[in-house]
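The structure appears right after this line, and notes come after that.
The numbers here are math on the coordinates, done by the rules we state, and not lab data. For clarity, every value in this text was computed on a predicted model and none was experimentally measured. As a convention, Cβ positions derive from the backbone with ideal geometry for all residues, glycine included, and neighbour counts pool all protein chains shown.
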């Protein structure tokens, strides 16, 4: 319509014509409008579908948003948990750090400890090396000692067999001379021959005693419970039988219990009682006592006599091999007996000592396996 | 019947002389055979070597056996005597210088009937020999020997 301008007509016909024209225009316009309206309606219809779609989309979006919200809540929840966890982690971290520190301290300590251990180790290694060396030395020494022992054994065996045979000849043929050629030998000659025999016999005794001493060292120790009083009585009975003229007062308790090697302790008592018997031979009233003295931590056994005794200044020499405190003229003996006694007592882990005075007798004490 | 022999196995001539003297002195064992080492002793007993052809059915009454002997020692001689059927029961007395425990033990283990140590002192020695002679020649009853005729 914007193009159509209304102007008053000069002629009614013209006016009618104009009006008709306008009306025609209007009609056209109406048709256009109707078309437009229809298009609009179409569009509107389309829009409605669109709208529905949009609504659906919006709804979907809302749904999604709603879901998101849930998700967010969940996420928030999760985040809270994570935060909690992180918080926990943090505390844990502090703890871990403290622990790490402690561990580091320990490691440091271990480090110093380790160096200490290393030092000790090297010391030990050195010590082990030294010990090995010592062991090797010991092994060699033992091999040497074993060889020496074997040699000693062979030596003793040879002594036992071979050294006695010539002595038997010396004694035997001296005796043969005395018996078979008695008429041709004067009294002095007989004294000489008897001296020869005596020396041969003395040497045989010496050999026996020395063999006994070496046997004592080599013999295996067989310890049992035994009664020393019984052994002492046996030894003294034998002495009385060998010297029937002697009158000796004996003091021995019924029982003297001990633990030791019966054979070897028999040798000890034979020697000690034999000595007591020998050194009381010049006494009018000889007395020999055997007994024990129970002390707090040990039992001391003793053999006491009222015989010749000796000067205590020499007591240390007494137990040495071939040591004698009396001349052969005074009292016979080989000087091996007490060395044998000492060796046996030492092998039992005990001690032997003495107490004496010249002219007032002697006492020999011994212990077996002293409890220290 | 002829007196049965005394077999003395002894390598030391001095000991041999002393033993024979002691036996003679006590008038025992007139029939003493001496072997100077282990081989000779075994030859005599088994009729071999120098004693080949000897009548082994006539064994000695006793063997006095020294331990230390040349060639074959006393213990080995003893073991061979015990191992042989003919001489298994023959009385053997070890007569030696030592009384070493190992000698005693091995002697008896090998089947010795007796073990006597020669004393150094002659009168003791003579006494020991006399006792041996008396015991083994007079007192002891011998096991029946193979071929015993009495």
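Counting only other chain Cβ atoms within 10 Å of each residue's Cβ, the peptide B:15-22 averages 3.
Here is the tail figure for the protein assembly as shown: Cα pairs spaced more than 43 Å apart come to 55 percent of all pairs. Expressed as a whole percent, the proportion of Cα-Cα pairs in the range A:232-301 lying more than 14 Å apart is 63%. Compared with the direct C-alpha span, the chain from residue A:302 to residue A:225 gains 25.9 nm at full extension, assuming 0.36 nm per residue. Hey, for a label at residue A:242 modelled as a point 7 Å past Cα toward Cβ, could you say which residues of the range A:251-270 have their backbone N under 14 Å away? The answer is A:267-270. If R0 is taken as 60 Å, the Cβ-Cβ distance between residue A:365 and residue A:158 corresponds to a FRET efficiency of 0.95. Spin-label point model (7 Å from Cα, Cβ direction): what's the residue B:104 to residue A:46 distance in nm? It works out to 14.6 nm between the two label points.
For the pair residue A:181 and residue B:79, a Förster radius of 41 Å applied to the C-beta separation gives a FRET efficiency near 0.45, rounded to the nearest 0.05. Per residue, the convex hull spanned by the alpha carbons of the range A:99-143 comes to 45 Å³. Where the alpha-carbon atoms of the range A:31-73 are placed on the principal axes, they occupy 59, 10, 5 Å, in descending order. Between the range B:1-67 and the range A:70-89, the C-alpha centres lie 122 angstrom from each other. Its DSSP H runs of at least 4 residues, each contributing -39,500 (n - 2.57), put the calculated 222 nm mean residue ellipticity of chain B at -10500 deg cm²/dmol, to the nearest 500. Global size of the range B:93-145: 12.5, 37 Å for Rg and Dmax (C-alpha atoms, Rg to one decimal, Dmax whole). Remark: mean inter-chain Cβ contacts per residue of A:164-177 equal 6, using a 10 Å Cβ-Cβ cutoff to other protein chain atoms. Over the range A:222-372, what is the percentage of antiparallel beta bridges among all DSSP beta bridges, to the nearest 5? The antiparallel fraction comes to roughly 85 percent. Using only atoms on other chains, find how many Cβ atoms lie within 10 Å of each Cβ of peptide B:124-136 and report the average. Neighbouring Cβ atoms belonging to other protein chains average 1 per residue here. Binning at 5 Å from 0, report for the range A:12-131 what percent of all alpha-carbon pair distances ends up in each bin. It works out to 3, 7, 5, 5, 5, 5, 5, 5, 5, 5, 4, 4, 4, 4, 4, 3, 4, 3, 3, 3, 2, 2, 2, 2, 2, 1, 1, 1, 1, 0, 0, 0, in whole percents. Helix A:228-242 axis versus longest C-alpha principal axis of chain A: approximately 20°, rounded to the nearest ten. Using r as the Cβ-Cβ distance of residue A:134 and residue A:106, and R0 as 25 Å, what FRET efficiency do you calculate, to the nearest 0.05? Here the calculated transfer efficiency is 0.05. Distance from the alpha carbon centroid of the range A:110-174 to that of the range A:187-208 works out to 41 angstrom. Its Cα gyration tensor gives the range A:222-372 an equivalent ellipsoid; the semi-axes, largest first and in whole Å, are 23, 18, 14.
Expressed to the nearest 5 percent, the antiparallel share of DSSP beta bridges inside chain A is 85 percent. Helix A:262-279: angle to the longest alpha-carbon principal axis of chain A, degrees 0 to 90, nearest 10? With both axes taken from Cα atoms, the answer is about 40 degrees.
Calculated on C-alpha atoms, the gyration radius of the range A:110-228 divided by its Kirkwood radius gives an Rg/Rh of 1.46.
Pairwise Cα separations in the range A:167-268 fall into 5 Å bins from 0 onward with the following percentages, short to long: 2, 10, 13, 11, 13, 13, 12, 9, 7, 5, 3, 1, 0. Think of it as helices only: each DSSP H run of n ≥ 4 in chain A is worth -39500 (n - 2.57), and spread over all residues that comes to -24000 deg cm²/dmol at 222 nm.
Quick one: Debye curve from the C-alpha atoms of the range B:6-139, no solvent, what's log10 I(q)/I(0) at q = 0.10, 0.16 Å⁻¹? Values returned for q = 0.10, 0.16 Å⁻¹ are -0.28, -0.76. Annotation: peptides A:224-230, A:184-190, A:21-27, ranked by per-residue average of other Cβ atoms within 10 Å with the highest first, follow the order A:224-230, A:21-27, A:184-190.
Against chain A, whose longest principal axis comes from its Cα atoms, helix A:164-180 is set at around 10 degrees.
The modelled label-to-label distance between residue A:88 and residue A:22, using points 7 Å beyond Cα along the C-beta direction, is 9.0 nm. Volume of the convex hull of the range A:68-128 (Cα atoms only), normalised per residue: 77 Å³.
Label-to-label distance, residue A:195 versus residue A:287, with points set 7 angstrom from Cα along the beta-carbon direction: 4.2 nm.
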